[in-house]
Amino acid sequence: MEGHEHSRRVQQAAAEGAGAGIEAAFVAAAGRLTQLPWDQAASVRFEDLAPVSAFPVVPGRRWGPGWWWSATTGRHVVHGSAAMRTQLMVLDRKPDVTGLSARPVRLLWRDAADGRVRSWVPQLFARYADGTGLLADCPSTPTAGGDRAQRARMVLEAACARVGWVYRRLEPPPAVVAANLRWLAGYRHPRNQGPPGLRAALAEAFAGPRPLADGAAAVGEPLQLLPAVYHALWCGHLTMSLDEPLHEEALVCADAERGGGGVEERLGAGGGQGRGECSGRHTR
C-alpha cells in the first residue's frame, strides 16, 4: 500500500505543477550538446544517445566502467558499477523493454529553497514498447547518494510523472536471483538458440513442469542442448523460479504453462509486467 500511496502523491504533485521549469541537456546525434525544456525533450529518443557525461575511473577502486552487450538492442551499453550492470541485465531480459542507454540526459532545475541551479544525471534509461520511458539510478544500498540523491529523487519523480514516465531507484535483486540471471545472461546471444525446430522441441519436452536435465535429455544429448535451454530461459520461452538456485533438478516449463506473479514481476520496476514463473510440483 505504501508504494501505491507514494505513486499517488507523485502523480498529484505533477498535476499541481511540480516538476515544471526543468531543463534537459543531452548530446544530440550530431555530437552537439543540446538543452531543451524537459516537456519538449521527453520526445527525444534517449535510447539512441551517447552518455552526456562519462563514468569516472577512480584509482584504487576494484570496479571500473565496462560494457554490457544488450540482447534487446544488439548494441553495447556502458555501465559504471556492478549494481548498474545487474540492473542492465534485469531490464535487458524484460519483454516490454525495447531500448536501453546509459546517462543519456542531465536534468537541471532551480532549487526553490536557495535559488541555486541543481542537476542530476540518471544512470539508466529504458524505453518500453508502449513508448513510455524509465529513468533510473542503480544504488548499491538504499542510502547511497545521501541527501542529494533523495532530493533529486523527488524532482525526477515529478518530472517523469508530468510526461507519463517513471523514475526509480532500482533495488538490487536477491543474491540467488542475481546469480541465476548472470548465468542465463551468458547465453543471451542468439547464437545459442540452436537449429530451427529446436525451440518447438523444447517447448514440447517442457509442456509441463519438469526437471531441467530430464527435459533436455528427452530432446537429445543434454550437454549439446543446455546452451539452447539456457537461452530459452533467458528469452522467456521456458521459465523457472529464479528464487531457487539453478541446477539440473530445477523445475522448468514452457512459456504457456507459466503462472502469474513471482519474482520476475518485481524486477526492473517501472513499466509493464515481467515474465512469470514455472508453477506446479514434480513427482517422480
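The values are calculated or read from the model by the stated rules, or taken from the named source; none is laboratory data. Computed from a prediction, not measured in an experiment: that's the story for all the values here. Positions of Cβ are generated from backbone atoms using ideal geometry, with glycine treated the same way; all protein chains shown enter the neighbour counts. The accessibility values were calculated without ligands, DNA or RNA, using every heavy atom of the protein model including side chains. Shrake-Rupley method; radii C 1.70, N 1.55, O 1.52, S 1.80 Å.
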So Phe125 fits all but one of (1) open to solvent by 60 Å² or more (accessible area, probe 1.4 Å); (2) over 26 Å from Thr239 (Cα atoms); what number is the exception? (1)
Quick test for you: out of Val163, Val176, Val121, pick the one residue that is in contact with a Gly (Cβ under 9 Å, 6 or more places away or on another chain), among the aliphatic types (A, V, I, L, M) and touching a residue at least 24 places away in the same chain (Cβ under 8 Å). Val163
Of the criteria (1) over 15 Å from Pro104 (Cβ atoms); (2) buried (at least 18 other Cβ atoms within 10 Å of the Cβ), which one Gln150 fails: (2)
Filtering region 35-77 down to residues that are on the phi > 0 side of the Ramachandran plot and more than 21 Å from the chain's Cα centre (by Cα) yields Gly60
Out of Leu251, Leu242, Leu246, I need the residue that is aliphatic (A, V, I, L, M), open to solvent by 10 Å² or more (accessible area, probe 1.4 Å) and within 22 Å of the chain's Cα centre (by Cα). Which one? Leu246
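Which residue out of Asp114, Asp96 is farther than 22 Å from Ala144 by Cα and within 11 Å of the chain's Cα centre (by Cα)? Quick ask: steps written out before the conclusion?
On the way: Asp114 fails: within 11 Å of the chain's Cα centre (by Cα).
Testing whether each residue is farther than 22 Å from Ala144 by Cα and within 11 Å of the chain's Cα centre (by Cα) leaves just Asp96.
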Could you check how many residues of region 199-239 are of a type in the set (Gly, Ala, Ser), touching a residue at least 40 places away in the same chain (Cβ under 8 Å) and open to solvent by 50 Å² or more (accessible area, probe 1.4 Å)? 1
Taking the condition part of a loop (DSSP other than H, G, I, E, B), open to solvent by less than 10 Å² (accessible area, probe 1.4 Å) and closer than 30 Å to His231 by Cα, does Pro139 pass? no
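Rundown of residues vs (1) touching a Ser or Thr at 6+ places or on another chain (Cβ under 6 Å); (2) more than 24 Å from Tyr187 (Cα to Cα); (3) polar (S, T, N, Q); (4) crowded, with 22+ Cβ neighbours inside 10 Å, yes/no style:
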site	(1), (2), (3), (4)
Leu91	no, no, no, yes
Val97	yes, no, no, yes
Pro104	no, yes, no, yes
Leu107	no, yes, no, yes
Arg110	no, yes, no, no
Arg116	no, yes, no, no
